[in-house]
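The values are calculated or read from the model by the stated rules, or taken from the named source; none is laboratory data. Note that the structure is predicted; figures quoted are calculated from it, not measured. All Cβ positions, even for glycine, are placed from backbone atoms using ideal geometry, and neighbour counts span all protein chains on display. Please note that ligands, DNA and RNA were not included when accessible areas were found on the heavy atoms of the full protein model with its side chains. Shrake-Rupley method; radii C 1.70, N 1.55, O 1.52, S 1.80 Å.
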Amino acid sequence: MDFSYSKSVDDKWRKIWEERKTYKFNEDSDKPKYYLLEMFSYPSASKLHMGHWWNYSLPDSFGRMKRMQGYNVFQPMGFDAFGLPAENYAIKTGIHPKDSTQKNIETMEEQLKQLGATYDWDYEIKTNEEEYYKWTQWVFLKLYEKGLAYRKDAPVNYCPHCQTVLANEQASGGECERCHTKVEHKHLTQWFFKITDYADKLLEGLKDLDWPERTKRIQTNWIGKNTGAKVVFNVEGHDEKIEVFTTRVDTLMGVTYVVLAPENELVDKITTADQKGEIEDYKQKVLHLSEIDRTSTVREKTGAFTGAYAIHPLTKKRVPVYISDYVLASYGTGAVMAVPAHDERDYAFAKKFGLEIKEVIKSPDGETTLPYTSSGVLVNSGEFDGLESGKAKLAIVEKLKQNGLGEMTTTYRLRDWLISRQRYWGAPIPVVYCEHCGIVPVPESQLPVKLPYNVDFKPTGKSPLYYCDEFVNTTCPKCGAKARRETDTLDTFVCSSWYYLRYLDPHNSKAPFDKAKVDKFMPVDKYVGGVEHAAMHLLYARFIYKALGDMGYVSGQEPFKSLIHQGTILGADGQKMSKSLGNTVSADEYVAKFGSDVFRTYLGFGFSYTEGGPWSDDGILAINKFFQKVAKVFENFYDLKSNENKQVDEELEVWLNKTIKNVTEDMENFQFNTSIARLMELTSAITKYQTRKDRNYEQEKHTVYSYAKLLAPLMPHYMEDVWEKLGHETSIFDEAWPKYDISKTVAKQVEIAVQVNGQIRARINIPADSSDEDMKKLALENQSVQNYTNGKQIKKVICIKNRLVNIVV
RNA sequence: GCUGGUGUGGCGAAAUGGCAGACGCACGGGACUCAAAAUCCCGCGAGGGCAACUUCAUGUGGGUUCGACUCCCACCACCAGCACCA
């Protein structure tokens with residue numbers, strides 16, 4: 001019988017699986033649920049690339065093992081289909097995004113099927129379809145009702161290349177997340193989600209998640225919780241008050257001036273008549289600076305004097321009020337108390353503008369060069385002199401509190417999520433503007449607000465919907481008067497912030513999802529996707545899930561219980577694969593040549609899943625060879641006639657039990673490379689056994705069957721085929737995952753190392769699980785050990801079971 | 001600047017504080033062959049020794065320990081994230 005593997009095996013089983021509905025998901029199964037999810041992908045024009053294979057094939061192997069372990073595994077697939085590339089493509093070629101997206105999805109579906117994953121395509125979702133985005137709009141409405149969606153005039157990040165505003169997360173580092181163009185600052189009225197209301201919950205929830213520490217760190221930093229004090233400065237001759245946020249309230253007595261952000265509303269109110277001109281000039285100058293320039297740390301400090309004076313809350317001394325762009329409008333209160341002696345920025349500014357520098361903290365060793373920014377002991381601070389920074393903070397805040405001029409407070413770096421985009425290819429924001437009623441949300445019964453097909457894609461900086469009269473002109477749902485629709489669309493990250501819920505009930509036309517189904521299958525047990533989403537998708541999804549939870553639509557606290565980031569497969573040159581570098585490797589080519597399973601197994605063997613690495617052609621040839629050895633094992637067994645030999649070969653038995661144990665543990669941890677290494681060892685062990693004359697049929701059958709099951713998740717088409725050739729009519733994936741006997745994972749005789757003073761001096765064979773006493777006795781009897789111990793006093797003997805003995809002399 | 005990660009043969013990489021380099025690639029030797037390919041067997045960190053053996057080796061320098069790739073401290077290099085966040 002020919003047990004060899006070829007591409008035709010893939011084709012054969014893909015067809016049979018489809019016909020037999022092998023991977024039909026049964027919602028009502030009473031097996032324990034396992035929700036396995038890989039981040040869905042954008043339908044790109046090119047074929048499935050290495051990244052897709054890497055992201056989807058090996059997690060599917062993991063899922064197959066879970067299935068064999070008796071779980072009801074739910075592993076859906078779909079498309080994050082709205083977004084800029086399709087729209088830009090339309091601008092370039094005139095092909096409508098809906099058409100190009102549809103075509104790309106069809107190609108990708110076909111290709112994903114080649115991967116041989118256990119997706120049940122009945123659960124597929126596409127975020128650009130009405131039946132999906134209707135409910136994305138519903139999510140918006142619910143957040144609006146709850147006061148979590150609002151519209152405001154604010155300085156926002158604008159990408160001149162994509163011609164749309166961006167969320168803070170998508171403009172980090174001053175660059176557009178998509179095209180890396182430098183973002184500009186604009187003052188615009190936009191829609192936001194109030195993610196800041198959840199800052200604390202998002203932070204707290206991280207604690208119990210089985211997520212990579214790095215990712216938790218990124219989110220923690222992004223949320224940026226900071227505790228400090230709020231201090232109030234009255235303004236001389238005004239009712240206005242300036243509130244500042246500081247983490248160093250211990251330096252309060254060193255304040256010699258106050259600085260407002262140029263955008264701070266107070267600026268216009270307190271600026272004196274003769275300083276008006278200078279202040280206006282400065283504000284104009286700042287407005288024209290790019291984000292990059294403005295936040296550059298090497299640029300010299302600039303600013304302007306408002307002419308106003310603030311009153312120090314404790315000394316009642318008057319200090320000048322300046323504006324400067326080193327103060328950010330969007331962090332804290334948009335105003336700072338300046339302590340030039342103990343803050344580098346304040347110091348630089350004071351030097352430039354000739355302002356007073358008052359030292360109030362001494363380092364514990366007395367040596368202090370300004371600016372001194374660490375904590376220390378207070379001086380020149382009146383009643384607080386001699387206090388250490390930590391105690392001084394408490395004492396000063398206490399004093400401020402008595403006067404109603406300050407208190408402890410917390411700020412966050414996190415900003416509200418800007419969700420409107422001036423682009424066509426997204427879900428329309430379901431809102432109309434009525435002359436009488438103002439902002440009116442579209443009632444749920446009128447959803448979806450359909451995206452019109454006939455629009456002009458010319459880029460103008462406004463959404464193409466703005467020029468589409470049939471879309472814009474409508475009537476007010478409240479009063480029936482003429483009204484205009486909102487023409488911005490939703491950030492595509494809104495679509496992907498709840499898709500894991502829709503997967504569970506994708507065709508529900510009455511609701512976004514059935515709560516009972518969601519309660520049964522959430523949270524996602526294992527989520528696999530790229531680390532680049534740490535401060536975007538993964539944060540947004542958690543927020544939306546928590547918000548929906550607070551409204552009673554879902555029950556849990558966190559959507560993704562356990563998270564894994566796949567690494568990146570690089571080009572052979574160690575660089576990221578890119579067309580411009582010409583180092584791309586086509587997955588298709590290799591799949592066509594070696595078959596889907598060889599390709600998958602190579603990916604599993606050649607790299608650590610979470611790290612990835614450079615591609616190598618030699619590696620895949622080695623795996624192809626391995627497949628031939630696997631075939632040999634089954635051929636040898638197939639030719640063996642049933643016999644009466646009951647002699648159990650201990651060595652083979654140990655190999656099998658050990659391998660089952662290691663493979664199970666390694667697969668559980670996404671360590672496919674070591675799993676495959678162990679399976680290669682087992683292959684050699686079986687092959688070696690098969691050269692013997694006294695083969696035990698029953699033992700070999702048990703071994704070979706278990707072996708096939710262990711290989712099955714990594715080579716699904718191939719092992720399904722083998723299973724059939726071995727005479728089975730049911731799927732190997734309906735078999736139970738092999739179990740091991742822990743007592744049979746170690747041989748009866750083991751070789752241990754004997755050390756003298758930590759140096760290995762001998763290796764001896766002893767019975768497994770020997771007691772410490774026996775190990776000690778056997779070790780000390782050994783001749784070469786005695787060469788080192790003779791005439792010396794033995795101080796101590798350390799015994800590690802089945803491993804080593806260390807004799808200290 | 002701050003934070004995090006990584007550093008082991010010619011290469012991809014393994015190692016609950018317990019025999020460093022599993023598994024594989026490449027390489028060398030041998031068997032089979034008229035020959036080659038394929039396959040199989042042996043070797044393969046570096047130095048020294050005919051040899052049994054022995055010394056040195058996990059980025060560098062210290063430390064803890066009977067014993068350290070693993071834990072602690074300092075440093076170097078590379079990568080990533082954040083960065084005028086008060």
The range A:72-94 - residue that is open to solvent by 20 Å² or more (accessible area, probe 1.4 Å) and over 25 Å from A:His180 (Cβ atoms) and, of those, farthest from the chain's Cα centre (by Cα): A:Gly94
Sole exception among (1) part of a helix (DSSP H, G or I); (2) surrounded by fewer than 18 Cβ atoms within 10 Å (Cβ to Cβ); (3) of a type in the set (S, T, N, Q) for A:Ser61, by number: (2)
Residue within the range A:316-331 that is free of Cβ contacts under 8 Å to residues at least 24 places away in the same chain and not hydroxyl-bearing (Ser, Thr, Tyr) present: yes
Qualifying residues in the range A:139-185 (those that are crowded, with 18+ Cβ neighbours inside 10 Å and among the hydroxyl-bearing types (Ser, Thr, Tyr)) - the one farthest from the chain's Cα centre (by Cα): A:Tyr144
Within the range A:767-809, considering residues that are closer than 26 Å to A:Lys744 by Cβ, away from RNA strand B (no atom under 14 Å from the Cβ) and charged (D, E, K, R), the one surrounded by the most Cβ atoms within 10 Å (Cβ to Cβ): A:Asp774
Number of positions in the range A:602-639 that are over 14 Å from A:Ser6 (Cα atoms) and open to solvent by less than 30 Å² (accessible area, probe 1.4 Å): 13
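Consider the range A:317-333. How many of its residues are surrounded by fewer than 17 Cβ atoms within 10 Å (Cβ to Cβ) and within 7 Å of RNA strand B (Cβ to nearest atom)?
2
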Residue that is of a type in the set (A, V, I, L, M, F, W, C), surrounded by fewer than 21 Cβ atoms within 10 Å (Cβ to Cβ) and at pLDDT 90 or above, where the choices are A:Val244, A:Val249, A:Val235, A:Val255: A:Val235
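Output the number of residues of the range A:743-765 satisfying the condition of being within 29 Å of A:His702 (Cβ to Cβ) and within 15 Å of RNA strand B (Cβ to nearest atom). Lay out the reasoning, then the answer.
Kept after step one, since they are within 29 Å of A:His702 (Cβ to Cβ), are these residues of the range A:743-765: A:743-751, A:765.
Filter once more, keeping what is within 15 Å of RNA strand B (Cβ to nearest atom): A:745-751, A:765.
So the answer is 8.
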Complete set of residues in the range A:212-229 that are open to solvent by less than 50 Å² (accessible area, probe 1.4 Å) and out of contact with any His (no Cβ under 9 Å at 6 or more places or on another chain): A:Lys216, A:Gln219, A:Trp222, A:Ile223, A:Gly224, A:Gly228, A:Ala229
Residues that are under 55 Å from the mean Cα position of the chain (by Cα), more than 28 Å from A:Thr659 (Cα to Cα) and in a loop (DSSP other than H, G, I, E, B), drawn from the range A:747-796: A:Asn757, A:Gly758, A:Lys795
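Residue-by-condition table, conditions (1) crowded, with 20+ Cβ neighbours inside 10 Å; (2) closer than 30 Å to A:Lys646 by Cβ:
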{"position": "A:Phe670", "(1), (2)": "yes, no"}
{"position": "A:Thr674", "(1), (2)": "no, no"}
{"position": "A:His702", "(1), (2)": "no, yes"}
{"position": "A:Leu714", "(1), (2)": "yes, no"}
{"position": "A:Met719", "(1), (2)": "yes, yes"}
{"position": "A:Glu735", "(1), (2)": "no, yes"}
{"position": "A:Ile742", "(1), (2)": "no, yes"}
{"position": "A:Gln749", "(1), (2)": "no, yes"}
Identity of the residue in the range A:334-363, near RNA strand B (Cβ under 8 Å from one of its atoms) and surrounded by fewer than 21 Cβ atoms within 10 Å (Cβ to Cβ), that ends up nearest to A:Lys241 (Cα to Cα): A:Arg345
Members of the range A:640-668 found to be among the charged types (D, E, K, R), more than 45 Å from the chain's Cα centre (by Cα) and either surrounded by 13 or more Cβ atoms within 10 Å (Cβ to Cβ) or assigned to a helix (DSSP H, G or I) (or both), listed by number: A:Asp649, A:Glu650
Selection count where residues are open to solvent by 50 Å² or more (accessible area, probe 1.4 Å), away from RNA strand B (no atom under 15 Å from the Cβ) and part of a loop (DSSP other than H, G, I, E, B), scope the range A:539-583: 7
Criterion: touching a residue at least 12 places away in the same chain (Cβ under 8 Å), more than 16 Å from RNA strand B (Cβ to nearest atom) and in contact with a Lys or Arg (Cβ under 6 Å, 6 or more places away or on another chain) - qualifying residue of A:Tyr150, A:Tyr144, A:Tyr198: A:Tyr198
Residues (in contact (Cβ under 8 Å) with a residue 60 or more places away in the chain, open to solvent by 20 Å² or more (accessible area, probe 1.4 Å) and outside any loop (DSSP other than H, G, I, E, B)) located in the range A:422-466: A:Ile439, A:Pro441, A:Glu444
Some residue of the range A:628-636 being out of contact with any Pro (no Cβ under 8 Å at 6 or more places or on another chain), without any contact (Cβ under 8 Å) to a residue 60 or more places away in the chain and in a loop (DSSP other than H, G, I, E, B): no
